[in-house]
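Asks: The following block contains the structure, expressed as structure tokens.
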Amino acid sequence: MMIFRLFIDRDKPEEVTATVHARTPLVDEIERLVLQDDVSDQIPGYIEDDILMLNVAQVEYFVVENEKTYAQYSDRKRYLVRKRLYELEKELPGNFERISKSALANWKAITRFKVQLSGAVDAVFKSGYVECISRRCFAELKRRYGL
């Protein structure tokens, strides 16, 4: 059974304390939300001369190509994002996981994993796009999520 307590005291500094039995993806997400200084569900995306506010929940993955970061959106369009992956990794919600040195994936946008004959594992997204998961990242995901 879980107990939730909230104390509001404007005279004390804000503090969040959690007592848990083990570290879980939920605990990781709570920690990330608490430590985030700018929680936003939108990010600016650039395509040609337009700037659009992209809903983070509809971004399937972020990838770096030719030293530029792109967001692959659910509408199958790719938008330039003016942030580095490590910056995005700190700001994005916990459902975004690193799947390779050059990609962050929205865990909720992955429909399945495809194992290649070589032993490599691909993530297949809702849009149909396929991105290779590095062996190191897959080992971590496997440990964390019990794949």
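Asks: Sort out which residues of segment 54-84 are part of a loop (DSSP other than H, G, I, E, B) and either under 19 Å from ARG98 (Cβ atoms) or free of Cβ contacts under 8 Å to residues at least 24 places away in the same chain (or both), and write them in order of number. If you could, list the steps in order and put the result at the bottom.
Replies: Start the filter on segment 54-84 by keeping residues that are part of a loop (DSSP other than H, G, I, E, B), which leaves 66-67, 74-77, 82-84.
Within segment 54-84, ASN66, GLU67, ASP75, LYS83, ARG84 qualify.
Asks: On the given criteria, is ILE43 of a type in the set (Val, Ile, Thr), at pLDDT 85 or above and under 24 Å from SER100 (Cβ atoms)? I'd like the intermediate steps shown before the answer.
Replies: Details: of a type in the set (Val, Ile, Thr): yes; at pLDDT 85 or above: yes; under 24 Å from SER100 (Cβ atoms): yes.
So ILE43 passes the test.
Yes/no per residue for (1) surrounded by 12 or more Cβ atoms within 10 Å (Cβ to Cβ); (2) not β-branched (Val, Ile, Thr):
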site	(1), (2)
ASP75	no, yes
VAL81	yes, no
GLU91	yes, yes
SER100	yes, yes
ASN106	yes, yes
ILE110	yes, no
ASP122	yes, yes
PHE125	yes, yes
GLY128	no, yes
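Asks: Can you tell me how many residues within segment 82-95 are modelled with pLDDT under 90 and in contact with a Leu (Cβ under 9 Å, 6 or more places away or on another chain)? Break it down stepwise before answering.
Replies: Of the residues in segment 82-95, the ones modelled with pLDDT under 90 are 89-95.
Subset that is in contact with a Leu (Cβ under 9 Å, 6 or more places away or on another chain): 89-90, 92-94.
Number satisfying all stated conditions: 5.
Asks: Let me ask something else. Within segment 1-38, how many residues turn out to be surrounded by 10 or more Cβ atoms within 10 Å (Cβ to Cβ), of a type outside the set (Lys, Arg) and assigned to a helix (DSSP H, G or I)?
Replies: Number satisfying all stated conditions: 9.
The values are calculated or read from the model by the stated rules, or taken from the named source; none is laboratory data. Since the structure is predicted, the reported quantities are computational estimates derived from the model, not experimental observations. Note that each Cβ is placed from the backbone with ideal geometry, even for glycine, and that neighbours are counted across all protein chains shown.
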